[in-house]
Each structure stands twice: as structure tokens, then as C-alpha cells.
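Every number in this text was worked out from the coordinates using simple rules, so none of it is lab data. Note that the coordinates shown come from a computational prediction; the quantities given were computed from them, not determined experimentally. As a convention, Cβ positions derive from the backbone with ideal geometry for all residues, glycine included, and neighbour counts pool all protein chains shown.
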């Protein structure tokens, strides 16, 4: 999905935030197909849910 | 977990006219940020609303965050009378949007969308440039990091 090369008008606030973007993650994601990106998103969601569940159980056990 | 594969294939195979927007659209474009719901803008024609309702009927759609037992009926009349719905379904969280701020509805967004093959179906995805424009127009501070990342993606894609 190559974008058109028309440059976006820079916004100074967004430009400041851009400094902190990890471009290496973007470069790796752009190597994947759309389907692979969405499957990766679902795997990440599942992992986060598992962490939340484990955290809830650990916190409950300590109380 | 929201099952994007089942939700997207269910809608596409039922012939529902919709465009994927929001966080999942950002992920599809290459964002590394995590989102937990699927946002779609659907066409508001009576025929499309019928297809939408028929497609989702078997997934037990219910208003997200609402207490159980409210008289919410997911049917054509409800969808036609309302506009945007935040739902839970058996496949996860689904936001049905009749319009989005600054972007309008399905017909207005379609020229700015791209058709993508995914999960064995084809569906419309809001284009990266329009996604950035809409997030910028919304002007919400919580979106600043996401916009910065999308603009980095745009720069990478434009190389």
C-alpha cells in the first residue's frame, strides 16, 4: 500500500512527537502483509489479556 | 480479544458495505500500537443496514458497557434510528459508525479508501493520508503519538 508522495503539511506539535517514534518497529511492520499485521495485532491482544489475567490473580492472592 | 478475521469475513461475505477505520486501519497500515476494537464506517442505505443486521445477528451484539437486561434490540429499526453503536459481540468489540467527525459517512470516505485482500476476502480500508487528516482534524491530545507514528509510516511509504 504505497502512499502517494505528496508531503503532509508539518504540524509543529506532531513534529515534536515524531522524535520519539520507534521507526524500527514501523520498518519491520511494513515488511509484513496486511493480514500478517492484523494477525500480529490479535496475538499481541491475546498476550496483553493473559498478562492482565495473571496480574489480577496475583493481586487478588496477595490481598 | 477481538477476532478481526471472523468479524471482517462475516461482514464481507454478507455483502455489507463498510470501511475499516480507526486503530485497526492504523495497524493495517503498519502501526505498532495496540487497539482492542474494530471500527467500521457502514453505508446507511436500508439494504446495507439489513445486510449488516443479518450478518451480525448470530453474534449476540449488545451495547458495550451497558448493564445486562437493557431493552436493546439489534435490528434494522434500531440501526436506522441511531448512527454510531459501540458493541460487544461473540467475536469481540465492534464499533459501527454511521459517520466520523470531519470525515462524513461511507460515501464520503470511499474515494479515500483502498481495497485490500485479507483473510480470504476483500474489504475497504481508509487510506493512510485520510486517516492522518482526520486524526489531525479531531485535534485530540490523546491522538498526538498515534498521528506522529502514522506520519512516520507515511514518510517510509513515500520513500
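Observations, loosely collected:
- In percent, rounded to a whole number, the relative contact order of chain B is 27, using alpha-carbon pairs under 8 Å and six or more apart.
- Annotation for residue A:24 and residue A:54: the two label points, set 7 Å from Cα along the Cα-Cβ direction, are 2.3 nm apart.
- The share of Cα pairs per 5 Å bin across segment B:1-138, counted from zero up to the longest distance, runs 2, 10, 20, 25, 21, 14, 6, 1, 0 percent.
- Using alpha-carbon coordinates, inclination of helix B:128-138 to the longest axis of chain B, degrees: 80
- With neighbour counts taken as other beta-carbon atoms within 10 Å, the residues B:114, B:40 rank, fewest first, as B:114, B:40.
- Residue order for B:29, B:112, fewest other beta carbons within 10 angstrom first, comes to B:112, B:29.
- Per residue of peptide B:37-46, the mean number of Cβ atoms on other chains within 10 Å of the residue Cβ is 0.
- Estimated FRET transfer efficiency when R0 is 22 angstrom, pair residue B:70-residue B:50 (beta carbons, to 0.05): 0.40
- Helix-only [θ]222 nm of chain B, DSSP H runs n ≥ 4, -39500 (n - 2.57) each, per residue, nearest 500: -11500 deg cm²/dmol
- Ordering B:92-98, B:103-109 by mean Cβ neighbour count within 10 Å, with the highest value first, yields B:92-98, B:103-109.
- Using alpha-carbon coordinates, inclination of helix B:144-158 to the longest axis of chain B, degrees: 60
- Helical runs (DSSP H, four residues minimum) scored at -39500 (n - 2.57) apiece and divided by the length of chain A put the mean residue ellipticity at 222 nm at -23000 deg cm²/dmol.
- Intensity falloff of chain A expressed as log10 I(q)/I(0), Debye formula with alpha-carbon point scatterers, at q = 0.15 Å⁻¹: -0.77
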